Amino acid sequence: MDVLVVDHPLARTRLTAMRDARTDSAAFRAALHELTTMLVYEATRGADVEQYPIETPVEPTTGFRVANPPLLVPVLRAGLGMSDAALALLPESSMGFVGLARDEETFEPRAYLESLPADLTGLPVIVLDPMLATGGSLEHCVRLLVDRGCTDVTVICVLAAPEGLARLRGSGLPMRVVTASIDARLNDKAFIVPGLGDAGDRQFGGM
Ligand code: PRP
């Protein structure tokens with residue numbers, strides 16, 4: 001499983017704002033939006049493009065478009081804060097939605113929404129979720145995609161724990177991961193350390 005860590009200086013400053021406990025919800029959402037732009041930009045660097053003829057105001061030249069725009073799948077709630085930035089960079093993309101809530105005792109995900117095309121054969125998918133902690137949520141989500149025929153999955157997250165990466169690797173599911181940081185570890189509540197807290201609560205408030 002390929003893992004790309006995007007440690008661009010501008011990504012580091014947005015991640016710093018997200019980690020800082022003094023950052024309020026509005027500033028947290030703004031930093032997440034900007035960081036997502038950078039992560040999607042790097043994640044799509046190898047995307048296939050098609051050429052087509054265009055005319056500038058001066059003379060004809062070659063234009064380019066993304067050949068097979070990926071399906072974007074935010075994992076609710078926290079992944080919602082990444083969708084606008086991803087869709088702005090990939091305006092021809094469609095979107096699917098997966099709703100998962102992690103049980104805070106067993107740490108296993110409980111699914112409450114699956115809104116995905118029935119057949120994903122031949123369609124690349126980008127999954128958006130800020131946090132890869134135990135990996136249970138993303139393993140569940142990627143399995144839903146693979147069960148629908150997807151063979152090209154990119155998971156974009158802000159933070160990844162080594163334990164979560166190991167779980168995804170061990171699942172054998174085909175995917176690559178793009179993240180802004182691999183943090184140190186999980187604590188006994190399965191929170192990423194040093195982390196940034198709960199990305200859903202920090203964007204939208206506690207439930
Ligand atoms: C958080 C986070 C991930 C998941 C990560 O969501 O946004 O989806 O937990 O944990 P895992 O890797 O151990 O599965 P949460 O369940 O808190 O829901 P929320 O997005 O609605 O806040």
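The values are calculated or read from the model by the stated rules, or taken from the named source; none is laboratory data. These figures come from a predicted structure and were not determined experimentally. Cβ atoms come from the backbone with ideal geometry, glycine included; neighbour counts cover every protein chain shown.
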For this session: Taking the options 175, 95, name whichever one is in contact (Cβ under 8 Å) with a residue 60 or more places away in the chain and either of a type outside the set (Lys, Arg) or within 24 Å of residue 50 (Cβ to Cβ) (or both).
Result: 175
Exercise. Would it be correct to say that residue 200 is assigned to a helix (DSSP H, G or I), closer than 18 Å to residue 80 by Cβ and of a type in the set (Gly, Ala, Ser)?
Worked result: yes
Exercise. Mind checking whether some residue in the stretch 24-46 is at pLDDT below 95 and among the polar types (S, T, N, Q)?
Worked result: no
Problem set entry | Residue that is nearest to residue 47 (Cα to Cα), among those in the stretch 142-158 that are crowded, with 24+ Cβ neighbours inside 10 Å and not β-branched (Val, Ile, Thr) | 150
Seminar exercise, completed: Out of (1) more than 25 Å from residue 7 (Cβ to Cβ); (2) within 13 Å of the ligand (Cβ to nearest atom); (3) in contact with a Cys (Cβ under 8 Å, 6 or more places away or on another chain); (4) among the β-branched types (Val, Ile, Thr), the one residue 121 does not meet is (2)
Exercise. Would a scan of the stretch 128-138 turn up a residue that is within 14 Å of the chain's Cα centre (by Cα), in a helix (DSSP H, G or I) and within 12 Å of the ligand (Cβ to nearest atom)?
Worked result: yes
Problem set entry | Among the candidates 86, 31, residue that is in contact with a helix residue (DSSP H, G or I) (Cβ under 6 Å, 6 or more places away or on another chain), assigned to a helix (DSSP H, G or I) and either without any contact (Cβ under 8 Å) to a residue 60 or more places away in the chain or of a type in the set (Asp, Glu) (or both) | 31
Exercise. Which condition number does residue 85 fail, the rest of (1) within 8 Å of the ligand (Cβ to nearest atom); (2) in contact with a His (Cβ under 8 Å, 6 or more places away or on another chain) being met?
Worked result: (1)
Seminar exercise, completed: Counted residues in the stretch 139-194 being among the small types (Gly, Ala, Ser) and in a helix (DSSP H, G or I) come to 4
